[in-house]
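Novice: Got a structure here, written out as structure tokens. Questions coming.
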Amino acid sequence: MNTYLIDFETTFSSDHTLTRHSIEEYVRHPKFEVIGCGVECLETGEQTWHPSGPQLAGVLARLAIDSAFVAHHAQFDGFVLNHVFGAKPVFWYDTLSMARAVYPRFERHSLEFLAEVCGIGTPKTVPYNQFRGKTHAEIEAAPGLMETIGTGCLHDITLTKGLFDLLKPRIPQKELRLIDHVIRMFTEPRLAGDRVILQEALEAAVYEKERAPERVGATKEALVSDKKFASLLYGLGVEVPMKISPRTGKRAFALSKQDKSFLALKEHPDGQVRAIIEARLACKTSINETRAARLLSISGRGAIPVYLGYYRAHTGRFGGGDKCNLQNLPRDSKLRGALTAPVGYALVWGDLSQIECRITAYVAGALKLLKAFEEERDVYSEFGTSAFGCPVNKKDTPDLRFFSKEMVLGGGFGIGKDKVYDRLSLKASQLPTPIIVRREVTDQLHSAFRSEYHEIPQLWKDGDRALRALHTARPEDVQHVKFGRMTLELRGRKVMLPNGLHLDYEDLHMDNEGNLRCGGTKMWGGSFTENFVQALARIVITDAWLWLEEEAVPIVLQVHDELVGCVPLIDCIDAAAMLEVILTEPVEFLPGLPLACEVGWGNSYGK
């Protein structure tokens, strides 16, 4: 199998750019034209610039046969390749995704930035200003311009090759396969959009915007005010993003839609945090209305590409992208029901249950909690009965069970008493029948959790020791540190993971108050536990993803701990059964971890 590096150059103008449009909208736009395509054969080193013309489709089709393609931001080049030319290589390598895994703490991963910091070549030379606003015909008519663009394109390919040679040996084969599937989820879309439901969702979004504060149990003032919104985040156990104000030069809240650290909270594993982020954005912007309108618009042009940002968080978690974040759809959203299988197919889905809680209990050796999970007992009622000293169950004492559930699911990473109270108060206020929360109840739960599952606070202490070892480590040091029932391998300031990648703590440092921080985030044993557990949970779900692909259940959407596949309608029941088997299969690197999942199937993603 040959490997080819590929890079498309395309026309753009002030009203037709990737800044203004998503990739999907830009490529499917009537103004879109391919200027040409640069290609290099990795095996021979031969580079060729192919100006756009009648012959280009045939060239690309021949190259794609039994070949792997390499690109930087392959979602773009792959979407052009498939949508415009109908060509699909056997395998995709994406140097942007690979760079995110190797350098997860970098703020940028553009080709130009990576070329500079990795020392692989001179800056990009594509003369964008010379062909801004020009059509393909005008570019061809301009003396020497097509050749200049081609030269710049081939230079970009040289930079991409240098990056590929640097990164590929550092990415495990499983992760390369995963990147290929992530790219194809976008470049070879399969999901359709129900336009009737999408229109209804758009109309409802306008109405819901006015109800956003009520939906999360907060006032509009609390969602709009930086200071009051910061208090809401603090109450949910979230460290409030900060920045240096360019106006005053002082520390200020980073809570605007331009602040990356704030937007990153849209991918937070806690659904409540995601909900209040969306509520703030709904009050200050028209995000729900925009998302419904965008999906309605996309569905009018063709299948819906799903953009997953590989390794968007340093724990390996995915993020959204391309101005349409399907990772962040609320469970009761109309938009879920608008995502449908193509004619003759069905969607099947499986969602891992309490995966982070289960992994935390496993790593800590919290045998009582693990045994309850293993025997499929009602963990929340059992904990509530112990915490409150009276029988707790879903039927007779639903309020107490609700409190117990929130404590079990949210207590594993060291949340403090104040935050437990604030968090439970906020969640209880959003129930169909709101519950009044008393401080003595939440304090009782907080103490009971740490007593009942005493192995988990001990795990945080192990996390503190791991952080101290990381902080004092030299780049060449290799250490083995106890972390609960596991032994961590530390290489310099990296924590090695079972998939061959790592948690990166290169920026770990002591602040003026003696606190360890990584970037702007305060680190301690509880937050280290959270990082490590989330990284393991991500590996569990993506290993299942790869296995399902091998079993002919192609995954078309991944949302946190949930996988959605698309199969022929006649195979949907068997595929759902396969999904359940694979999601609950024993995990090689966590032997004995009890897993559970919920599965379903239907024409649409709505549940």
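The values are calculated or read from the model by the stated rules, or taken from the named source; none is laboratory data. Note that the structure is a prediction, hence the values are computed from the model and not measured. When we count neighbours, we look across all protein chains shown, and the Cβ atoms used for this are built from the backbone with ideal geometry, even at glycine.
Novice: If the requirement is being touching a strand residue (DSSP E or B) at 6+ places or on another chain (Cβ under 8 Å) and within 30 Å of S404 (Cβ to Cβ), which of these qualifies: A469, A544, A473?
Specialist: A544
Novice: Could you tell me whether F131 is within 25 Å of K323 (Cα to Cα), surrounded by 21 or more Cβ atoms within 10 Å (Cβ to Cβ) and not aliphatic (A, V, I, L, M)? Talk me through it step by step, then tell me what you get.
Specialist: Numbers: within 25 Å of K323 (Cα to Cα): no; surrounded by 21 or more Cβ atoms within 10 Å (Cβ to Cβ): yes; not aliphatic (A, V, I, L, M): yes.
Spelling it out, it is not the case that F131 is within 25 Å of K323 (Cα to Cα), surrounded by 21 or more Cβ atoms within 10 Å (Cβ to Cβ) and not aliphatic (A, V, I, L, M).
Novice: Counting just the residues of the stretch 167-208 that are in the same structural domain as A279 (by TED's automatic domain parsing) and without any contact (Cβ under 8 Å) to a residue 40 or more places away in the chain, which one comes out farthest from F76 (Cα to Cα)?
Specialist: Y207
Novice: Kindly establish whether A212 is of a type outside the set (D, E, K, R) and buried (at least 20 other Cβ atoms within 10 Å of the Cβ).
Specialist: Values: of a type outside the set (D, E, K, R): yes; buried (at least 20 other Cβ atoms within 10 Å of the Cβ): yes.
For A212, the condition - of a type outside the set (D, E, K, R) and buried (at least 20 other Cβ atoms within 10 Å of the Cβ) - is met.
Novice: For R105, only one of the following conditions fails: (1) in contact with a strand residue (DSSP E or B) (Cβ under 7 Å, 6 or more places away or on another chain); (2) of a type outside the set (S, T, Y); (3) at pLDDT 95 or above; (4) surrounded by fewer than 14 Cβ atoms within 10 Å (Cβ to Cβ). What is its number?
Specialist: In the conditions (1) in contact with a strand residue (DSSP E or B) (Cβ under 7 Å, 6 or more places away or on another chain); (2) of a type outside the set (S, T, Y); (3) at pLDDT 95 or above; (4) surrounded by fewer than 14 Cβ atoms within 10 Å (Cβ to Cβ), R105 misses (3) alone.
Novice: While we're on this one: Would you mind finding the one in G309, G316 that is surrounded by 19 or more Cβ atoms within 10 Å (Cβ to Cβ), within 28 Å of G500 (Cβ to Cβ) and either of a type in the set (A, V, I, L, M) or in contact with a Gly (Cβ under 6 Å, 6 or more places away or on another chain) (or both)?
Specialist: G309
Novice: When you go through (1) at pLDDT 95 or above; (2) out of contact with any Pro (no Cβ under 7 Å at 6 or more places or on another chain); (3) over 18 Å from A264 (Cβ atoms) one by one for S527, which number turns out not to apply?
Specialist: Every listed condition holds for S527 apart from (3).
Novice: Sort out which residues of the stretch 374-406 are crowded, with 21+ Cβ neighbours inside 10 Å and among the aromatic types (F, W, Y), and write them in order of number.
Specialist: Within the stretch 374-406, Y380, F383, F403 qualify.
Novice: Tell me which of these A222 doesn't satisfy, since it passes every other one: (1) buried (at least 21 other Cβ atoms within 10 Å of the Cβ); (2) of a type in the set (A, V, I, L, M); (3) farther than 30 Å from A346 by Cα.
Specialist: A222 satisfies every listed condition except (1).
Novice: Inspect the stretch 495-515 for any residue being free of Cβ contacts under 8 Å to residues at least 40 places away in the same chain, out of contact with any Phe, Trp or Tyr (no Cβ under 8 Å at 6 or more places or on another chain) and buried (at least 16 other Cβ atoms within 10 Å of the Cβ) and give the result as yes or no.
Specialist: Among the residues of the stretch 495-515, at least one is free of Cβ contacts under 8 Å to residues at least 40 places away in the same chain, out of contact with any Phe, Trp or Tyr (no Cβ under 8 Å at 6 or more places or on another chain) and buried (at least 16 other Cβ atoms within 10 Å of the Cβ), which makes the answer yes.
Novice: Return yes or no: is F69 crowded, with 21+ Cβ neighbours inside 10 Å and touching a Phe, Trp or Tyr at 6+ places or on another chain (Cβ under 6 Å)?
Specialist: So F69 passes the test.
Novice: Right, next: Would you call D270 among the acidic types (D, E), surrounded by fewer than 19 Cβ atoms within 10 Å (Cβ to Cβ) and free of Cβ contacts under 8 Å to residues at least 60 places away in the same chain?
Specialist: In short, no.
Novice: Which residue, of L352, L370, L326, L409, is in contact (Cβ under 8 Å) with a residue 24 or more places away in the chain and buried (at least 24 other Cβ atoms within 10 Å of the Cβ)?
Specialist: L326
Novice: Here is a list of conditions, (1) under 13 Å from the mean Cα position of the chain (by Cα); (2) basic (K, R); (3) surrounded by fewer than 19 Cβ atoms within 10 Å (Cβ to Cβ), and K257 meets all of them except one; can you say which number that is?
Specialist: Looking at each condition in turn, K257 falls short on (1).
Novice: Right, something else. Within the stretch 135-148, is even one residue on the phi < 0 side of the Ramachandran plot, crowded, with 20+ Cβ neighbours inside 10 Å and among the hydroxyl-bearing types (S, T, Y)?
Specialist: Within the stretch 135-148 (the criterion being on the phi < 0 side of the Ramachandran plot, crowded, with 20+ Cβ neighbours inside 10 Å and among the hydroxyl-bearing types (S, T, Y)), the answer is no, since none of the residues qualifies.
Novice: Looking at (1) modelled with pLDDT of 90 or more; (2) of a type outside the set (F, W, Y); (3) within 23 Å of the chain's Cα centre (by Cα); (4) under 30 Å from D194 (Cα atoms), which one does A346 not meet, given that it meets all the others?
Specialist: Condition not satisfied by A346: (3).
Novice: A further question on this structure: Considering only the stretch 464-487, state which residues are touching a residue at least 24 places away in the same chain (Cβ under 8 Å) and assigned by TED's automatic domain parsing to the domain that holds G525.
Specialist: F483, G484, R485, M486
Novice: Give the residues of the stretch 252-273 that are of a type outside the set (A, V, I, L, M, F, W, C) and closer than 19 Å to Y310 by Cα, sorted by residue number.
Specialist: Those that are of a type outside the set (A, V, I, L, M, F, W, C) and closer than 19 Å to Y310 by Cα: K260, S261, K266, E267, H268, P269.
Novice: Here's a follow-up. Is there a residue being surrounded by fewer than 14 Cβ atoms within 10 Å (Cβ to Cβ), more than 19 Å from the chain's Cα centre (by Cα) and closer than 30 Å to F186 by Cα anywhere in the stretch 556-568?
Specialist: Yes, the stretch 556-568 contains at least one residue that is surrounded by fewer than 14 Cβ atoms within 10 Å (Cβ to Cβ), more than 19 Å from the chain's Cα centre (by Cα) and closer than 30 Å to F186 by Cα.
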